[in-house]
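To start, the structure under review is shown below, and the notes come after it.
The values are calculated or read from the model by the stated rules, or taken from the named source; none is laboratory data. Computed from a prediction, not measured in an experiment: that's the story for all the values here. Cβ atoms come from the backbone with ideal geometry, glycine included; neighbour counts cover every protein chain shown.
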């Protein structure tokens with residue numbers, strides 16, 4: 001079952017369960033999938049594109065969550081946190097920081113990077129290798145840390 005079919009099936013289940021909060025998160029994903037499908041020549045979108053869309057939605061919600069927590073709006077933060085949890089079920093398991101650190105260290109060794117000036121070279125290779133498996137913000141922080149020393 002591809003991502004679109006899985007989302008549609010989960011929307012039906014959420015409607016039957018009268019789970020409005022989950023339904024809102026799933027409808028956001030479906031909306032993005034439909035928009036992406038309307039851009040292309042085919043109505044079917046690939047798993048990779050679907051995962052990128054879900055990752056984008058999760059990132060948006062994490063950004064909103066941070067803002068709500070900063071402004072002490074726990075009610076809105078709870079909604080965003082729930083949606084992050086729902087959307088995360090459609091993403092591959094994220095790698096642990098230790099694993100990401102090890103891969104970035106290997107990339108630094110392979111590219112011969114020695115300082116923060118080489119960050120672009122390392123980030124490009126790291127994002128290509130870790131795309132979908134680790135958060136971009138974590139990758140960036142680790143690259144800066146490992147090159148800064």
Quick one: which residue in 98, 107 is more than 27 Å from residue 27 (Cα to Cα) and surrounded by 14 or more Cβ atoms within 10 Å (Cβ to Cβ)? 107
Selection from the range 115-135 of residues out of contact with any helix residue (DSSP H, G or I) (no Cβ under 7 Å at 6 or more places or on another chain) and surrounded by fewer than 17 Cβ atoms within 10 Å (Cβ to Cβ) yields 117, 120, 124, 128, 131, 133
Residues in the range 19-26: is at least one in contact with a helix residue (DSSP H, G or I) (Cβ under 7 Å, 6 or more places away or on another chain), outside the structural domain of residue 128 (by TED's automatic domain parsing), at pLDDT below 90 and surrounded by 13 or more Cβ atoms within 10 Å (Cβ to Cβ)? no
Based on what the data block shows, is residue 53 in the same structural domain as residue 11 (by TED's automatic domain parsing), at negative phi, part of a helix (DSSP H, G or I) and surrounded by 12 or more Cβ atoms within 10 Å (Cβ to Cβ)? yes
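Here is a yes/no grid of residues against (1) under 18 Å from the mean Cα position of the chain (by Cα); (2) within 30 Å of residue 4 (Cβ to Cβ):
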{"site": "73", "(1), (2)": "no, no"}
{"site": "84", "(1), (2)": "yes, yes"}
{"site": "91", "(1), (2)": "yes, yes"}
{"site": "114", "(1), (2)": "no, no"}
{"site": "127", "(1), (2)": "yes, yes"}
{"site": "134", "(1), (2)": "yes, yes"}
{"site": "142", "(1), (2)": "yes, no"}
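For the range 111-149, what are the residues that are outside any helix (DSSP H, G or I) and farther than 28 Å from residue 61 by Cβ?
Result: 112, 113, 114, 115, 149.
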Test residue 58 against the criterion of being free of Cβ contacts under 8 Å to residues at least 40 places away in the same chain and within 19 Å of residue 138 (Cβ to Cβ), and give yes or no. yes
